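Here is the structure we will look at.
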Amino acid sequence: MRKLFLIVLVCIVSVNLSVANSGNKKGKSNRQKAVELIRSIETGATKPISYINPEKYIQHNQMVADGLAGFGEVMKQLPKGSAKAEVIRSFKDGQYVVTHTRYNFFGPKIGFDIFRFENGKIVEHWDNLQEIVKKTASGRSQIDGPVKIKDRNKTDDNKSLVKNFVRDVLMGKNPKRITDYISTVKYHQHNPGVKDGLSGLSEAIKSLNEANMPMIYTKNHIIIGEGNFILSVSEGTFMNKHVSFYDLFRIENGKIVEHWDTIENILPESKAKNRNGKFNF
């Protein structure tokens, strides 16, 4: 009986040690993998390339061909030592990870990247890049500001807030409701051409309309978010060109209090290096 008890005890200890060791060896999160892949553009590290599925990598950057081969070809074109990639923000939403990065990638740029994961591997990529402007209307840079993710329990509510804001205000369904969504007390603006506050936004919209170059949102493709950071991806017209709008909002107490964005021209399909489209989430 005593011998049987010792055998059972040894088995229990072995199982517990196995569980503990497996916990210690827990792999990197998808968020960590995405950040490391972006950083590898600057560092040259090769390990992050293994986070991409070599059999399936769908590319939506119109200047890059599909697959690992397309990614590698772009890296070869970069002048040696020229690339910089500093990830300022990152967050996840289910199978998606979003990064917000200060780049020097064929010139200084701000970029949003979206990665879709399957079984721990990156299988799809979207991005939106815009050149850095040194002097902005608000005095804020295009990427500074808070980075800490808060209120994860409010993610769904915050995504609904942004979805309704895009529909009512940006797409013009009910623009008078703007104060239902944006704080009248604090609204920090990082779009280089727009001043802080609701008054700054109104002034910019009025100026564009008077110049006969209205900013038009025609379709929202996806809302991705975690806690107080919510990203909206839309298409429309800006400066009379077909563009992709990536708008990142920070939510505080049920109101939008901060905004970052990038606007990128959409190429005609005939000029794109892949046939996956700019969106197609």
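Values quoted throughout were computed directly from the atomic coordinates according to the rules given, and no laboratory measurement underlies them. Because the structure is predicted, anything quoted here is derived from the model rather than measured. Cβ coordinates were reconstructed from backbone atoms using ideal geometry, including for glycine residues, and neighbour counts include every protein chain displayed.
What is the chain's relative contact order, in percent, from Cα pairs under 8 angstrom and six or more apart in sequence? Could you put the intermediate results ahead of the total?
Values: 520 pairs, mean separation 46.7, N = 281.
Taking the mean separation of contacting Cα pairs over the length of the chain, I get 17 percent.
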- Query: For the pair S160 and F279, how long in nm is the line joining their label points, each one 7 Å along Cα→Cβ?
  - Reply: 2.4
- So, counting K/R as plus one and D/E as minus one, what does the shell of residues with Cβ under 10 Å around I263 add up to? -2
- Query: Using +1 on the beta carbon of Lys and Arg, -1 on that of Asp and Glu, and nothing else charged, what's the dipole of the stretch 128-281 about the Cα centre, debye to 20?
  - Reply: 140
- In whole Å, largest first, the alpha carbons of the chain cover along the principal axes 91, 46, 31
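With the Cα gyration tensor of the stretch 148-281 giving a ≥ b ≥ c as the square roots of its eigenvalues, does the rule (a/c under 1.5 for rounded; else a/b larger than b/c for prolate; else oblate) give rounded, prolate or oblate? Don't jump to the answer; show the numbers that get you there.
Numbers: a/c = 1.99, a/b = 1.23, b/c = 1.62.
Because a/c hits 1.5 or more and a/b fails to exceed b/c, the stretch 148-281 counts as oblate.
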- Item | Per-pair calculated FRET efficiency, R0 = 35 Å: M63 and Q32 via Cβ, rounded to 0.05 | 0.85
- Message: In the stretch 30-132, if the dipole is taken from +1 on Lys/Arg beta carbons and -1 on Asp/Glu beta carbons about the Cα centre, which of I88, G111, N128 is farthest to the positive end?
- Response: I88
- Task: Quick one: which residues, 5+ away or cross-chain, put their amide H under 5 Å from the amide H of A85? H built at 1.01 Å from N.
- Result: E42, N104
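Rounded to the nearest 0.05, what FRET efficiency do A137 and T43 give with R0 = 35 Å and r taken as the Cβ-Cβ distance? Could you check?
FRET efficiency, A137 to T43: 0.55.
If r is the Cβ-Cβ distance from D151 to M75 and R0 is 35 Å, what FRET efficiency results, to the nearest 0.05?
On the way: r = 37 Å, r/R0 = 1.07.
The computed FRET efficiency comes out at 0.40.
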- Out of the stretch 82-182, which trypsin sites (Lys or Arg not before Pro) are coil in DSSP terms and have no more than 15 other C-beta atoms within 10 Å? K134, K135, K148, K150, K173
